[in-house]
Protein chains: 4
Amino acid sequence: MQVAKAAVLEEFNGRLGVREFPLPEQMDPGAALVRTVMAGICGTDVHLWKGQMPIALPVILGHETVGRIVQLGDGLERDWSGQPLNIGDRVTWNSASSCGHCYYCAVKRQPTRCPDRRAYGIGYRCDQAPHFLGGYAEFHYLHPHTTIFKIPDDLPTEAVIGAGCALITAIHGIERTGIAWRDDVVVQGAGPVGLAALAVAKSAGAARVIVVGGPKGRLELAKKFGADHTLDVQQLREPSQRIAAVGELTGGHGADVVIECVGTPSAVPEGMEMCRDGGKYLVLGHYCDGGPVSFNPHVVTRKQLQILGSWSSEPRHLQSALEFLRAHPQEFPFDSLVTHRFTLEQANEALVTTARWESAKSVIVAR
Amino acid sequence: MQVAKAAVLEEFNGRLGVREFPLPEQMDPGAALVRTVMAGICGTDVHLWKGQMPIALPVILGHETVGRIVQLGDGLERDWSGQPLNIGDRVTWNSASSCGHCYYCAVKRQPTRCPDRRAYGIGYRCDQAPHFLGGYAEFHYLHPHTTIFKIPDDLPTEAVIGAGCALITAIHGIERTGIAWRDDVVVQGAGPVGLAALAVAKSAGAARVIVVGGPKGRLELAKKFGADHTLDVQQLREPSQRIAAVGELTGGHGADVVIECVGTPSAVPEGMEMCRDGGKYLVLGHYCDGGPVSFNPHVVTRKQLQILGSWSSEPRHLQSALEFLRAHPQEFPFDSLVTHRFTLEQANEALVTTARWESAKSVIVAR
Amino acid sequence: MQVAKAAVLEEFNGRLGVREFPLPEQMDPGAALVRTVMAGICGTDVHLWKGQMPIALPVILGHETVGRIVQLGDGLERDWSGQPLNIGDRVTWNSASSCGHCYYCAVKRQPTRCPDRRAYGIGYRCDQAPHFLGGYAEFHYLHPHTTIFKIPDDLPTEAVIGAGCALITAIHGIERTGIAWRDDVVVQGAGPVGLAALAVAKSAGAARVIVVGGPKGRLELAKKFGADHTLDVQQLREPSQRIAAVGELTGGHGADVVIECVGTPSAVPEGMEMCRDGGKYLVLGHYCDGGPVSFNPHVVTRKQLQILGSWSSEPRHLQSALEFLRAHPQEFPFDSLVTHRFTLEQANEALVTTARWESAKSVIVAR
Amino acid sequence: MQVAKAAVLEEFNGRLGVREFPLPEQMDPGAALVRTVMAGICGTDVHLWKGQMPIALPVILGHETVGRIVQLGDGLERDWSGQPLNIGDRVTWNSASSCGHCYYCAVKRQPTRCPDRRAYGIGYRCDQAPHFLGGYAEFHYLHPHTTIFKIPDDLPTEAVIGAGCALITAIHGIERTGIAWRDDVVVQGAGPVGLAALAVAKSAGAARVIVVGGPKGRLELAKKFGADHTLDVQQLREPSQRIAAVGELTGGHGADVVIECVGTPSAVPEGMEMCRDGGKYLVLGHYCDGGPVSFNPHVVTRKQLQILGSWSSEPRHLQSALEFLRAHPQEFPFDSLVTHRFTLEQANEALVTTARWESAKSVIVAR
């Protein structure tokens, strides 16, 4: 029986320990085993680590992963988009899958709200076989029906992990919201989701994208990703200043679309005021429960707003994301976001740099 | 110089006094003078009376009015829908008009947010000629470009006033929101806007409409207007009870569309919880600023909601409203809502019965 | 080994012969065997019989079927909407299923265009086990993943078969097209699809529905189903007359939405002229290839039209259809369409009455 | 009384003659007089010249014009987007205006179908004052309510005229159609409308745009404007070859959106076959009546298509066009399309080079 290592979250706020688990000896039909190439540290991992979301421990974190196939279960011959799959192929996958036939999947066509979803790196205990169901490990087991994508040779692993789940979240959210050609867009936040929303908005026809965030290094990244204007929250410290600045940049009207990528509740009423009347507001950054905020519903009526939420993403968004990354390596250099690399043993340090916003993107490179 | 009477709001919370003003001696081209047949008391009038919206006094209230044409300015030969207009015709009109060529009217096609809008019965002082710019008066002057509609002979004045601005507000809001065929709909509120939203939702393809409100008499009216279920807020006193009841009636999922017609801020977070995941929430009742409420933005993301606001209405909505009222007199008996009639001198009593929810709809019949 | 009977199409235009086949002796996991209660004769069956669509023979026709469960494969415990399934339950099902994960199913969300679809009563040869894959038979085998629906006790079999695949086709098509509240709608054709489109349009918010068709008996049925106006093609023999009549009924503008339910190519350019400028045209009746027609593309540009096609339907449409039939038995009496009943041995006569438009709906009652 | 020159179309297919007319001596309130800077020759002008559209003669052609203001009527102080207007300002304008309050403008919000539209350079006889109502002249009179736009100093006249009415037509059509982020798009035609559609599609989020057209020089231009692939109709002479080539470039599925910019009827059935199932087809090039084509409606049903028409454009599209041209001078070098310049006296030669496709864009420079 072969064993392999994983960094395990055993108690909230505790130090991740490297543990060994037995590798699965045989594959279920349709399943696969991959050797991890790179695992991204997502902001959500920090929240999970701190116990801010209710999950069962112990768990191997990591829901943004690239690996190479080492074993293929019977019948698994092609990836989700129809490409042949072989041992040695570099692949990535959606961390969660929907059932395809429930009320939310089939009747209401909101598969991301399927009650059967359960995400690698979040929703599986690792003290039960097949153990390897998160990215911070030497290997990753992929259950049957996992939506796997072969990564084209000319697309670097760093681009896939640098974009991470932020990009597919942004793609889904912007699809739901709709950006009209030549719309003025505000992105609140310059973290991974904010940069991804900026990239998608720019490439989806926005005339101008204004990024509101900080610190300075992040806003410089935003400029590199095509932001037409940046507003530094460390300089414009009051919401009213930022709202006024957006107004000035948009002919006094406000933006057609404002995308919240911060996760801080107070950003929401602020962002609504950045919308023009009849505009749209996408609440994209509230994946975690950040608690309530005081909000005036009269604003929604008077400004005739449209406010949208978007949760997670579908396999087709990951397919688009990979094609997009491949098509625009210069314009949107997501690979350059991978600024800090760690070993499995340094998983804790990786979380800390992410928590402290020291890195653009921290990653674990298994060996 | 001929004079006529009007009930005038001279100070907030004060008693409306009957005053006389000179009638305009000649019409501007495109203008008209009508003799008031009936003026509706809208809930907004109560807010205006109490000084809860910033308006300049003195003012003749009344923005839901039917009158008969007594004078037509040069060039005013047809109503907005193309019908010929003659002296003696019974007409109604939109209380506000948009300019048609500004940023909101022409670029963003949100004419109800035109900055030039100014409403009869709200936005005009009556101590300046032509004085008669509100419904609580013997006559009403209609400025050029007022969007006038001739009322068909078989459509009673009571139906038009019973529906009032509530119906056109609901039509616009539901148009913005979209109700899919066989959607389950919740209407929060059983006042005029709630009943109107119920009527529009039922006739727009909703499978079931659940009305949440009170008191009992209102819910009986809701039943008469086709509500499939009613939930009495005096029995289900806790939001959690009402949310649970909606859940039970909708297979555990929540409603596809929830329409807020209450104006109370706390109704808004409650209503969002009544939506199924991926559902829509229309904030329709917050015409006035009722102040803030505590709200958790995580709900919008997690439930993948779509929240919409809608302000006022366009002339085409009034045209549809009149056709709708005429087509469904039995199914949606808006005329029966006119339960209390007052003279001009009793304008104050009319406001009081409305404020106390004693009437379904109070009206002023000029003489 | 038990055997059962089926009416079999062995050669195009030939007489259907009653043959015996062995019943499957055991169920695959997830499969089911039902005893046929009633099978509808669809217009498409006539086309299949005549060889106008390329199918492999021999085949048991019949893709609109109600049956009672006699055997359930392992794991088949609930119907598609989650109701428990038991021996003896009366059920119906979608004749075709999509794979759920191909380009059309999952990337483009057009599951009715899934290349793996294959329909009962059309796409399966009956000389191979499990033989019973069409409605004109004593039994029907349901493959695993068939989307089965339990029929509520208060919904008569006649309503389900009277509505048939026409209703779900109309539901899907009208969903794609969108009928706005108070739209004026024209339905071309008064056959099963036309009546279904009329019922859906009326209940989806149409102000008025004009049915253009014949013969007289069909138009009387249309009136019974709520048509506001009918135009008899035997009286108005020229397209120009019918276009003019629609114009007169719609204030000179044409209809907001025109739904083609005829299948005759010449109906298409005629129907486009019945649309108002900026209106919508749904090509719903061209399931079969009826050949080309002369058409002027300038009309599409000049009238600024939107033309839509819709193919087949999804399981959620059948779920809605059953709820709709149950909710409106009086308003839309689909059960009354079942005018002619035949035994299996009379399958040929059933086809002939359908081909000759002698029946509203012919059905086969197995015994 | 001052006079000025114009090139006048006096009989169809005849030679345009230079005539003199008196300049208007005073402006109506809201009107303006401009001195022509440059007038574009549109393909439509060739059709008008040849008598292929029913217009009243004599007429001064030219509906794509830039001029400098020489006189402003009372009250004309700002352009349509709110910029101040002064003598000497360089401006352009929409050739046609809508009334704003008719059935098509206000009820159905299809202002380009307003029955009161009448276009400069097409719909006004020049033998009646104010004579100067087309671009091929030294001066142009602008009626009150003409939607005028001041041209920013850094936007060259050549860019405005090079884009011409093709760009605003494409913007409107693509707005109606909707291009989703990462859609594959085919543009049929490499003339001015085709290049404009290409530019708008690329900047609106298309993943790849395939241009089908010719001759070679045009396809090189298309490459310059960002076409990902070009298909030369002189090499692929059969529709079936072109359809197959599009299939190969789109993974065998066909394009998400196909935009017809040719005006040849036979392009329409060909283009439908280039769509993937469930795709969209925009008929944009059939401004003139090119006669009928044989078409099979079964294709619309079977492929579940959406076919759209779009007519002309609204002022907001011209506003967007000017901002777009200014934002992307390098990416979409519309100014470089102005390849042939003519004097008023050479108006005929200008038409001929356009008719023979010798120029990308021919223009008249008044002096």
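Yes or no, residue by residue, for (1) within 21 Å of B:Ala327 (Cβ to Cβ); (2) small (Gly, Ala, Ser); (3) within 14 Å of chain A (Cβ to nearest Cβ):
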position	(1), (2), (3)
B:Tyr124	no, no, no
B:Glu158	yes, no, no
B:Ala170	yes, yes, yes
B:Thr177	no, no, yes
B:Gly213	no, yes, no
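Summed over the range B:13-54, residues that are in contact (Cβ under 8 Å) with a residue 24 or more places away in the chain, under 20 Å from B:Leu344 (Cβ atoms) and assigned to a loop (DSSP other than H, G, I, E, B) total 7. For D:Gly251, the test of being farther than 23 Å from C:Trp311 by Cβ and open to solvent by 20 Å² or more (accessible area, probe 1.4 Å) is failed.
Mind checking which residues of the range C:133-143 are over 17 Å from C:Gly73 (Cβ atoms) and open to solvent by 10 Å² or more (accessible area, probe 1.4 Å)?
C:Glu138
Given the structure, is A:Ser313 farther than 30 Å from D:Asp183 by Cβ and either touching a Ser or Thr at 6+ places or on another chain (Cβ under 7 Å) or surrounded by fewer than 22 Cβ atoms within 10 Å (Cβ to Cβ) (or both)? For A:Ser313, the condition - farther than 30 Å from D:Asp183 by Cβ and either touching a Ser or Thr at 6+ places or on another chain (Cβ under 7 Å) or surrounded by fewer than 22 Cβ atoms within 10 Å (Cβ to Cβ) (or both) - is not met.
Take the residues of the range D:344-360 that are more than 18 Å from D:Ala7 (Cα to Cα) and touching a residue at least 12 places away in the same chain (Cβ under 8 Å): which is least open to solvent (accessible area, probe 1.4 Å)? So that I can check it myself, show each step before the final result.
Initial filter on the range D:344-360 (more than 18 Å from D:Ala7 (Cα to Cα)): D:356-360.
The next check asks that each one be touching a residue at least 12 places away in the same chain (Cβ under 8 Å); those that pass are D:357-360.
Details: D:Trp357: 126, D:Glu358: 100, D:Ser359: 6, D:Ala360: 24 Å².
So the residue we want is D:Ser359.
The helices (runs of 4 or more DSSP H) found wholly in the range A:263-367 and carrying at least 1 residues that are within 14 Å of chain B (Cβ to nearest Cβ) and among the small types (Gly, Ala, Ser) occupy A:267-274. The set of residues in the range B:118-132 being farther than 27 Å from B:Ala360 by Cβ and either over 21 Å from the mean Cα position of the chain (by Cα) or crowded, with 20+ Cβ neighbours inside 10 Å (or both) consists of B:Tyr124, B:Arg125, B:Cys126, B:Asp127, B:Gln128, B:Ala129, B:Pro130, B:His131, B:Phe132. Here the range D:287-310 is the region considered, the condition is being over 24 Å from C:Val257 (Cβ atoms) and in contact (Cβ under 8 Å) with a residue 40 or more places away in the chain, and the residue that is surrounded by the most Cβ atoms within 10 Å (Cβ to Cβ) is D:Tyr287. The residues in the range C:158-176 that are open to solvent by less than 10 Å² (accessible area, probe 1.4 Å), in contact with a Lys or Arg (Cβ under 8 Å, 6 or more places away or on another chain) and not hydrophobic (A, V, I, L, M, F, W, C) can be counted, and the count is 1.
For the range A:198-220, a residue qualifies if it is surrounded by 24 or more Cβ atoms within 10 Å (Cβ to Cβ), more than 21 Å from A:Pro239 (Cα to Cα) and in contact with a strand residue (DSSP E or B) (Cβ under 8 Å, 6 or more places away or on another chain), and the qualifying residues are A:Ala201, A:Ala206.
Only one of the numbered conditions (1) in contact with a helix residue (DSSP H, G or I) (Cβ under 9 Å, 6 or more places away or on another chain); (2) without any contact (Cβ under 8 Å) to a residue 60 or more places away in the chain; (3) among the small types (Gly, Ala, Ser) is violated by D:Gly214, and that is (1). Residue check: D:Gly252 meets all listed conditions (1) at positive phi; (2) part of a strand (DSSP E or B) but one, namely (2).
From the list D:Thr65, D:Thr112, D:Thr92, the one residue that fits, being touching a His at 6+ places or on another chain (Cβ under 8 Å) and either within 24 Å of D:Ala366 (Cβ to Cβ) or more than 14 Å from chain C (Cβ to nearest Cβ) (or both), is D:Thr65. The single condition among (1) assigned to a loop (DSSP other than H, G, I, E, B); (2) out of contact with any Pro (no Cβ under 8 Å at 6 or more places or on another chain); (3) more than 16 Å from A:Arg326 (Cβ to Cβ); (4) not aliphatic (A, V, I, L, M) that A:Phe132 does not meet is (2).
Could you give every pair whose Cβ atoms fall below 6 Å, whose first residue belongs to the range C:66-81 and is in a strand (DSSP E or B), and whose second residue is hydroxyl-bearing (Ser, Thr, Tyr) and open to solvent by less than 60 Å² (accessible area, probe 1.4 Å), counting only separations of at least 6 or pairs across chains? Taking only residues 6 or more apart or on different chains, the pairs are C:Val66/C:Thr92; C:Val66/C:Thr157; C:Gly67/C:Thr36. The residue that is farthest from B:Arg242 (Cα to Cα), counting only those in the range B:180-197 that are of a type in the set (A, V, I, L, M) and open to solvent by less than 10 Å² (accessible area, probe 1.4 Å), is B:Ala196.
Considering the range B:316-343 alone, what residues qualify as being of a type outside the set (A, V, I, L, M), touching a residue at least 40 places away in the same chain (Cβ under 8 Å), more than 24 Å from B:Glu358 (Cα to Cα) and open to solvent by less than 40 Å² (accessible area, probe 1.4 Å)? Within the range B:316-343, B:His317, B:Gln319, B:Ser320, B:Phe324 qualify. If you filter the range C:8-52 down to residues that are among the acidic types (Asp, Glu) and out of contact with any strand residue (DSSP E or B) (no Cβ under 7 Å at 6 or more places or on another chain), you find that the one that is surrounded by the most Cβ atoms within 10 Å (Cβ to Cβ) is C:Asp45. Would it be correct to say that B:Leu284 is aliphatic (A, V, I, L, M), touching a residue at least 40 places away in the same chain (Cβ under 8 Å), open to solvent by less than 10 Å² (accessible area, probe 1.4 Å) and on the phi < 0 side of the Ramachandran plot? Taking the combined requirement at face value, the residue satisfies it.
Among the candidates A:Arg118, A:Arg15, A:Arg19, single out the residue that is more than 14 Å from chain B (Cβ to nearest Cβ) and in contact with a helix residue (DSSP H, G or I) (Cβ under 7 Å, 6 or more places away or on another chain). Result of the check over A:Arg118, A:Arg15, A:Arg19: A:Arg15. For B:Gly88, the conditions (1) within 22 Å of the chain's Cα centre (by Cα); (2) at pLDDT 95 or above all hold with the exception of (1).
The values are calculated or read from the model by the stated rules, or taken from the named source; none is laboratory data. From a predicted model like this one, the values you see are computed outputs, not experimental measurements. Here Cβ is always computed from backbone atoms with ideal geometry, including for glycine, and neighbour counts include all displayed protein chains. These accessible areas exclude ligands, DNA and RNA; they are computed on the full protein's heavy atoms, side chains included. Shrake-Rupley method; radii C 1.70, N 1.55, O 1.52, S 1.80 Å.
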